[in-house]
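**Student:** Sharing a structure, written as structure tokens. Questions coming.
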Amino acid sequence: MLTTNDFIPTKYSHTIESGNFQWSAPSNIALVKYWGKKDNQIPANPSVSFTLNNCKTITKLAFAKKENQDTFSFDLLFEGKPKEDFKPKIQKFLERIEVYLPFLKSYHFTIDTQNTFPHSSGIASSASGMAALAMNLMSLEKVLNPAMTEEYFYQKASFLARLGSGSACRSVKGKVVVWGNQANIQGSSDLFGVEFPNKIHDNFKNHQDTILLVDKGEKQVSSTVGHDLMHNHPYAERRFEQAHENLDKLIAVFESGDLNEFIKVVESEALTLHAMMMTSMPYFILMKPNTLQIINAIWKFRNETNIPVCFTLDAGANVHVLYPENVSETVLQFIKDELVGFCQNGQYLCDEIGIGAVLN
């Protein structure tokens, strides 16, 4: 079992003056939700997610050795233009990970990042953004320590990404990723995400995710604040137990291909996440009226057609519509006919299960 100390390097065998890397990392959608965390970005309960394919962040990292090695030094560009309001989050991230990457103050970094999905589309870019940055930093460490194994490379990348954004640790590898210690899942850890190690039924091999953009504005409550409200939440302990139980159910579902049971767990998890928000103190509601309209329309459509389509939600108003690839044509027609009207400016994004971060 790896500990945090296993990610602290002793010394590097190689040096490099300057260079650059470029990685893309996708967003992900949790099926069993993580809500509530302990110190150092440790999850209060395990989670499992589908790694997405099309919604991703592409980050180029250029680096050059510098003389003054007392401080962090970096420029941050978003879509080619300086983005000052992102810098405090990156500064905090570098401070958190310096003990694990002791070379950070030796270089000036230029971080140039862009998303393949519209900015402020209501899709969380922190997971994909922090994962892409972590992959680039690990590529630099790999040059300094060429003996590093591929397994360690990806474990540490996920470990670092987690320290920037918890769910980012699930965006490093595909296709189904578990984060958090779960007795029945070999290799699972609170420190990093791992690829689901068991067999996955063909029903889930090319699962589709159409993201309905109900509200593209900024959330009125940040995820960090929401997680903190679980500390003295009256239902927190039972919720954490439920997450373990639901993850156990999905282990069996992924093996059997039981789409009906999949739907029950995934939709219950989505509604439970929002129930925890509504019953915290202070309480808040991130769903919008159109979120509920979409949910009811999906239920009606599923009852009438027996097509195994379901929804899940993140900590926001947007709806992820999940369905097997073999019913894509019918479900997309349903979305166009009945659901697009509930989206802001009729916007939606079509995505599917992907493979994780890619070196470009």
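**Student:** State all residues of the stretch 118-158 that are outside any helix (DSSP H, G or I), at negative phi and open to solvent by 10 Å² or more (accessible area, probe 1.4 Å); if no residue qualifies, say none.
**Tutor:** Passing the criteria: Pro118, His119, Ile123, Ala124, Ser125, Asn145, Pro146, Ala147, Met148, Thr149.
**Student:** Report, ordered by the first and then the second residue, all pairs with beta carbons closer than 6 Å, sequence separation of six or more or different chains, a first member in the stretch 231-260 that is of a type in the set (Gly, Ala, Ser), and a second member that is buried (at least 16 other Cβ atoms within 10 Å of the Cβ) and part of a helix (DSSP H, G or I).
**Tutor:** Between residues of the stretch 231-260 that are of a type in the set (Gly, Ala, Ser) and residues that are buried (at least 16 other Cβ atoms within 10 Å of the Cβ) and part of a helix (DSSP H, G or I), the close pairs are Gly257/Asn203.
**Student:** Also, quick follow-up: Run down Glu329, Glu255, Glu261 and say which single residue is touching a helix residue (DSSP H, G or I) at 6+ places or on another chain (Cβ under 8 Å) and surrounded by fewer than 20 Cβ atoms within 10 Å (Cβ to Cβ).
**Tutor:** Glu261
**Student:** Additional query: Can you tell me which residue in the stretch 96-115 is farthest from Lys60 (Cα to Cα), limited to those that are of a type outside the set (Phe, Trp, Tyr) and part of a loop (DSSP other than H, G, I, E, B)?
**Tutor:** Only one residue tops the list, namely Val99.
**Student:** Does any residue of the stretch 269-285 turn out to be over 22 Å from Val32 (Cβ atoms), among the hydroxyl-bearing types (Ser, Thr, Tyr) and either open to solvent by 20 Å² or more (accessible area, probe 1.4 Å) or modelled with pLDDT under 95 (or both)?
**Tutor:** Yes, some residue in the stretch 269-285 is over 22 Å from Val32 (Cβ atoms), among the hydroxyl-bearing types (Ser, Thr, Tyr) and either open to solvent by 20 Å² or more (accessible area, probe 1.4 Å) or modelled with pLDDT under 95 (or both).
**Student:** A further question on this structure: Which residue pairs have Cβ atoms under 7 Å apart, sit 6 or more places apart or on different chains, and have a first residue in the stretch 95-123 that is modelled with pLDDT under 95 and hydroxyl-bearing (Ser, Thr, Tyr) and a second that is surrounded by fewer than 19 Cβ atoms within 10 Å (Cβ to Cβ) and not in a strand (DSSP E or B)?
**Tutor:** Ser120/Lys216; Ser121/Lys216
**Student:** Same structure again: Looking at (1) open to solvent by 10 Å² or more (accessible area, probe 1.4 Å); (2) in contact (Cβ under 8 Å) with a residue 24 or more places away in the chain; (3) touching a strand residue (DSSP E or B) at 6+ places or on another chain (Cβ under 6 Å), which is the only condition His207 fails?
**Tutor:** (1)
**Student:** I'm trying to understand the selection: among the residues of the stretch 232-248, which are surrounded by fewer than 17 Cβ atoms within 10 Å (Cβ to Cβ) and among the basic types (Lys, Arg)?
**Tutor:** Arg238 - this is the single residue of the stretch 232-248 that is surrounded by fewer than 17 Cβ atoms within 10 Å (Cβ to Cβ) and among the basic types (Lys, Arg).
**Student:** Take the stretch 347-360 and flag every residue that is more than 12 Å from Lys216 (Cβ to Cβ) and surrounded by fewer than 20 Cβ atoms within 10 Å (Cβ to Cβ).
**Tutor:** Cys350, Glu352, Ile355, Val358, Leu359, Asn360
**Student:** Looking only at strands (runs of 3 or more DSSP E) that lie completely in the stretch 1-95, which have at least 1 residues being of a type in the set (Val, Ile, Thr) and surrounded by 15 or more Cβ atoms within 10 Å (Cβ to Cβ)?
**Tutor:** Those strands (runs of 3 or more DSSP E) span 18-32, 47-65.
**Student:** Only one residue in Ala243, Ala252, Ala297 is closer than 23 Å to Leu213 by Cβ and among the small types (Gly, Ala, Ser), so which one is that?
**Tutor:** Ala297
**Student:** A follow-up question, please. May I ask you to list pairs of residues, at least six apart or on different chains, whose Cβ atoms are under 6 Å apart, with the first in the stretch 157-185 being closer than 19 Å to Trp35 by Cα and the second being charged (D, E, K, R) and crowded, with 22+ Cβ neighbours inside 10 Å?
**Tutor:** Cys169/Arg162; Val177/Arg170; Trp179/Arg170
**Student:** Residue by residue through the stretch 210-231, note down the ones that are among the polar types (S, T, N, Q) and either open to solvent by less than 20 Å² (accessible area, probe 1.4 Å) or closer than 25 Å to Val172 by Cβ (or both).
**Tutor:** Thr210, Ser222, Ser223, Thr224
**Student:** Then there's this: Have a look at Asp314, Asp337 and point out the one that is within 24 Å of Val177 (Cβ to Cβ) and of a type in the set (D, E, K, R).
**Tutor:** Result: Asp314 is the single residue among Asp314, Asp337 that is within 24 Å of Val177 (Cβ to Cβ) and of a type in the set (D, E, K, R).
**Student:** In this structure, does Glu98 turn out to be over 19 Å from Ser158 (Cβ atoms) and open to solvent by 30 Å² or more (accessible area, probe 1.4 Å)?
**Tutor:** No: the conditions fail for Glu98.
**Student:** Further, regarding this structure: Can you tell me which of (1) touching a Ser or Thr at 6+ places or on another chain (Cβ under 9 Å); (2) surrounded by fewer than 24 Cβ atoms within 10 Å (Cβ to Cβ) is the one Asn184 doesn't meet?
**Tutor:** (1)
**Student:** Also, I was wondering about something else. Output the residue which, of all residues in the stretch 298-324 that are surrounded by 16 or more Cβ atoms within 10 Å (Cβ to Cβ) and among the charged types (D, E, K, R), is nearest to the chain's Cα centre (by Cα).
**Tutor:** Per the criteria, the residue is Asp314.
**Student:** I'd like the full set of residues that are of a type in the set (Gly, Ala, Ser) and in contact with a His (Cβ under 7 Å, 6 or more places away or on another chain), limited to the stretch 274-310.
**Tutor:** Once the filter is applied, which keeps residues that are of a type in the set (Gly, Ala, Ser) and in contact with a His (Cβ under 7 Å, 6 or more places away or on another chain), the stretch 274-310 yields only Ser280.
The values are calculated or read from the model by the stated rules, or taken from the named source; none is laboratory data. Remember, it's a predicted structure, so these values are computed and weren't measured experimentally. Backbone-built Cβ (ideal geometry, glycine too); neighbour counts: all protein chains shown. These area figures cover heavy atoms from the full protein model, side chains too; ligands, DNA and RNA do not enter into them. Shrake-Rupley method; radii C 1.70, N 1.55, O 1.52, S 1.80 Å.
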